[in-house]
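Let me begin by presenting the structure, written as structure tokens, before commenting on it.
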Amino acid sequence: MVRRILDFDIAHRSISGQTPVWDHLKQETHVKVKLGDVLPALADALHSQRVWVQDFQDDQIELSKDLLEVIQAYQQVRNVA
């Protein structure tokens with residue numbers, strides 16, 4: 001029922017030339033955060049082997065090139081030890 005009302009409202013606004021309000025209310029699916037804001041919780045979840053971490057293991061993240069280089073160097077040093 002709610003979906004029909006929303007569809008009618010959008011169609012009515014399109015016909016009348018009004019801009020749909022819903023365009024401004026769409027939620028973003030991605031946000032930018034500081035690594036330091038999420039790292040403690042993520043490290044704890046990994047250490048505690050939380051199952052939900054596996055749900056996101058195929059998600060892509062964006063890193064700066066220098067951070068990726070540091071992580072890769074750390075992995076190489078860690079593998080040698």
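For the reader, a short list of remarks on this structure follows.
- Conditions (1) exposed (fewer than 10 other Cβ atoms within 10 Å of the Cβ); (2) at pLDDT 85 or above; number of the one not met by Leu35: (1)
- When segment 34-63 is filtered for residues that are assigned to a helix (DSSP H, G or I), within 15 Å of the chain's Cα centre (by Cα) and among the acidic types (Asp, Glu), the ones remaining, listed by number, are Asp37, Asp55.
The values are calculated or read from the model by the stated rules, or taken from the named source; none is laboratory data. Note that the structure is a prediction, hence the values are computed from the model and not measured. So basically every Cβ, Gly included, is an ideal-geometry build from the backbone, and we count neighbours across all protein chains shown.
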